[in-house]
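J.: The structure follows.
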Amino acid sequence: MEALQYQTATPESVWAILQETAKRQEEYDKRQEEYDKRQEEYNRQREKSMADFDRRMKEINKTLGGWANNHGTFAEEYFYNSFENGKKNFFGEHFDEIKKKWSSSWQGVEDEYDIVLCNHTAVAIIEVKYKAHVNDIPAVLKKAETFRILFPNYKDFKIYLGLASLAFYPELEEECIREGIAIIKQVGDTVIINDDHLKVF
C-alpha cells in the first residue's frame with residue numbers, strides 16, 4: 001500500500017495560500033458589490049415603473065369616471081326633459097309637478113331621487129341610468145321605503161317606481177316586470193314607457 005505524502009508547510013506556502021484567499025475574497029466582494037448595484041438599479045427602475053403605472057391608472061380612472069358621469073348626466077337630462085315636455089300622463093295618473101335630484105337625510109337615512117313626479121295622491125320615483133343592470137333593481141325598490149321615511153308628508157300617497165335607461169336587455173326587463181317597476185327606455189327619438197305590470201308601493 002502506497003503511503004500518502006504530505007508537504008510540510010512553510011512560511012512561503014502559507015503566505016501564498018493567504019494571498020490566494022485574499023484575492024478570491026476581493027473578487028467575491030467585487031462581484032457582490034456589482035450585484036448590489038444592479039439590484040439597487042433594478043429596484044429603482046421598478047419603483048419608477050410602478051409609480052408611472054399608478055399615475056397612468058389614476059389618469060385612466062379619472063377619464064373613465066368623467067365619461068361615466070357625463071353619460072349619467074346626459075341620461076338624467078334626457079329623461080327629465082322628456083317628462084317635463086309632456087310625458088306626465090303615465091302610471092295611470094296625471095302628475096302636476098316634476099323634480100330632479102331631490103335628496104334628503106334624516107336620522108341616518110339618506111337618499112337621492114333622480115326624477116320625482118307628484119300629484120295630490122301619488123308619487124312616481126324614477127331612477128335613471130345610462131346603462132342599467134339587473135343589479136340596480138334592489139336599489140330602485142329601496143327608494144319607496146326611504147322616500148316614506150324622508151318625506152313623511154307623502155306617507156299616505158301611492159308610490160310608483162320606474163327605471164329609466166338608454167339601454168335595456170331582456171333579463172333586466174323581465175326583472176322589472178316581476179318587481180312591478182315601470183320600464184322607461186329610449187327607442188329612436190321616442191321615450192317608451194311600459195307600465196302594464198306596475199305595482200303600488
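The values are calculated or read from the model by the stated rules, or taken from the named source; none is laboratory data. Please read these numbers as outputs of a predicted model, since none were measured by experiment. Every residue, glycine among them, receives a Cβ derived from its backbone with ideal geometry; neighbour counts consider all protein chains shown.
J.: Residues being modelled with pLDDT of 85 or more and surrounded by 13 or more Cβ atoms within 10 Å (Cβ to Cβ): count how many of those fall in region 80-96.
T.: 2
J.: Sticking with this one: Within region 177-201, track down each residue that is touching a strand residue (DSSP E or B) at 6+ places or on another chain (Cβ under 8 Å), closer than 19 Å to residue 76 by Cα and not β-branched (Val, Ile, Thr).
T.: 182, 185, 186, 194
J.: Which one of these is closer than 22 Å to residue 83 by Cα and in contact (Cβ under 8 Å) with a residue 60 or more places away in the chain: 144, 132, 164, 124?
T.: Being closer than 22 Å to residue 83 by Cα and in contact (Cβ under 8 Å) with a residue 60 or more places away in the chain holds for just one of 144, 132, 164, 124, which is 164.
J.: In addition: Taking the condition without any contact (Cβ under 8 Å) to a residue 12 or more places away in the chain and under 15 Å from residue 126 (Cα atoms), does residue 192 pass?
T.: For residue 192, the condition - without any contact (Cβ under 8 Å) to a residue 12 or more places away in the chain and under 15 Å from residue 126 (Cα atoms) - is met.
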